[in-house]
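Down below is the structure, laid out as structure tokens.
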Amino acid sequence: MRRPLMAGNWKMHKNIPEAIAMVKELKPLISDVKDVDILICPVFTAIYPLSNEAKGSNIKIGAQNVYWEPKGAFTGEIAVSMLSDAGCSFVIIGHSERRQYFCETDETVNKRTKATLNANLIPIVCVGETLQERESDNTFKVIEKQVRDGIKNFSKEEAEKIVIAYEPVWAIGTGKTATPQQAQEVHGFIRKIYSEMYGSDIANKVRILYGGSVKPDNVSELMKQKDIDGGLVGGASLDAASFAKLVKFNG
Ligand code: PGA
């Protein structure tokens, strides 16, 4: 069985004191959760203080982006080893906001994913179609290209460690969630493509998260779908009580 992963993507929200205050509030609310991986991805400056605050708890810390070179003259960038050093164990890669505003491509997604795996961190590779792509019946074509090009040329051992997040762009921050059936249809398709790329053994082990307006009142229906293994959550992860409810989706 795949272990669920509930990941909070805080985007460009919360300074250090705010981030620490929320983790302090969250810890007792989720301390009894044993069967779900819990992850928070804050802004870069809050990673180190939050990983200290989360020590000894069941909360893991991740980053929202990374550069693929190990060091050098790359002003404004950060290497995987530096994230690991600060306490990260996961990295979100290729979020649609990065694709839309910061020139992220499937090629750079592939490089970031490779670098992340080389340093033994877990990449969360995001894919998803825009509203226009969905309405013109191109959802599967777009998703297939993002998966095949973004996650190519890995060994089976590497492919097994990758987490994929399906985030329809039209559902992000809009309050419009994909229906559980719409999400399942794409998750099943991603697993099928992955199976063609790396074999069904690996595809069956890979966790595929859904993201896009996940909330306490829709999480349990989404999590009942057979190919949905967790959530990548923006807005609803910014409040401790709300995020705790998402983590406890089945109780
Ligand atoms: P949202 O964001 O939950 O606020 O829709 C999800 C995401 O962008 O990861």
Going by amide H atoms built from the backbone, whose H comes under 5 Å of the H on Gly8, apart from near neighbours? Leu39, Ile40, Cys41, Val233
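Could you order peptides 99-110, 124-135 by the average number of other Cβ atoms within 10 Å of their residues, highest first? Could the numbers behind the result be given before it?
Values: 99-110: 15.2, 124-135: 20.2.
In decreasing order of mean packing, 99-110, 124-135 become 124-135, 99-110.
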Which stretch or stretches of segment 43-67 have amide N atoms under 19 Å from the point lying 7 Å from Ile16's Cα along the Cα→Cβ direction? 43-55, 61-64
In whole angstrom, note down how far apart the Cα centers of segment 21-89 and segment 190-251 are. 19 Å
Counting only other residues whose beta carbon sits under 13 Å from that of Val43, what net charge do I get with K and R as +1, D and E as -1? +1
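For segment 143-251, with every protein chain kept in place, what is the accessible area per residue (1.4 Å probe, Å²)? All intermediate terms of the calculation are to be shown ahead of the outcome.
Values: 4370 Å² over 109 residues.
Counting only protein heavy atoms, the per-residue value for segment 143-251 is 40 Å².
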Determine how large the accessible area of Ser200 is when every protein chain is in place; take a 1.4 Å probe and give Å² rounded to the nearest 10. 60 Å²
For Asn250 and Phe140, compute 0.36 nm times the residue count separating them, minus their Cα-Cα distance, and round to one decimal in nm. 36.6 nm
Along segment 19-32, what does the Karplus equation 6.51 cos²θ - 1.76 cosθ + 1.60 (θ = phi - 60°) give for ³J(HN,Hα), rounded to whole Hz, x for Gly and Pro? 5, 5, 4, 5, 5, 4, 6, 6, 3, x, 6, 10, 5, 8
Contour minus end-to-end for Asp217 and Glu77, with contour as 0.36 nm per residue of separation and end-to-end as the Cα-Cα distance? 46.6 nm
With a 1.4 Å probe and every protein chain left in place, tell me how much accessible area Met197 has, in Å² to the nearest 10. 50 Å²
Could you work out what % of the accessible surface of segment 5-247 is carbon and sulfur, using a 1.4 angstrom probe and leaving DNA, RNA and ligands out of the count? 53 percent
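Using the Kirkwood formula over every pair of different C-alpha atoms, what hydrodynamic radius in Å results for the chain?
Evaluated on the chain, it is 18.0 Å.
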Using θ = phi - 60° and the Karplus relation 6.51 cos²θ - 1.76 cosθ + 1.60, list the HN-Hα couplings for segment 132-141 in order, rounded to whole Hz, with x at every Gly or Pro. 4, 5, 5, 5, 9, 6, 10, 3, 5, 5
Highest average packing first - 38-46, 218-226, Cβ atoms within 10 Å: 38-46, 218-226
Can you list residues whose amide H is under 5 Å from Ala165's amide H, if they're 5+ apart or on another chain and H is modeled 1.01 Å from N? Val125, Cys126, Val127, Leu209
Collect residues whose amide H, placed 1.01 Å from N in the peptide plane, falls under 5 Å from the amide H of Val91; neighbours closer than 5 in sequence don't count. Ala63, Ile122, Ile124
Quick one: go through segment 66-106 and flag any residue whose amide nitrogen is under 15 Å from the point 7 Å out along the Cα-to-Cβ line of Asn153. 68-69, 105-106
Taking θ = phi - 60°, what integer Hz values does the Karplus form 6.51 cos²θ - 1.76 cosθ + 1.60 yield along segment 3-18, in sequence order, with x for Gly and Pro? 7, x, 10, 10, 10, x, 9, 7, 6, 9, 10, 6, 7, 4, x, 5
Beyond 23 Å between alpha-carbons counts as too far, so tell me which of Lys55/Lys215; Lys24/Lys60; Lys24/Lys114; Lys141/Lys248; Lys34/Lys176 fall in that bin. Lys55/Lys215; Lys24/Lys114; Lys141/Lys248; Lys34/Lys176
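The values are calculated or read from the model by the stated rules, or taken from the named source; none is laboratory data. Quick caveat, the model's predicted, so the values are computed rather than measured. Quick reminder, even Gly has a Cβ in these numbers, built from the backbone with ideal geometry, and neighbours come from all protein chains shown. Heavy atoms of the whole protein, side chains included, go into the accessibility calculation; ligands, DNA and RNA do not. Shrake-Rupley method; radii C 1.70, N 1.55, O 1.52, S 1.80 Å.
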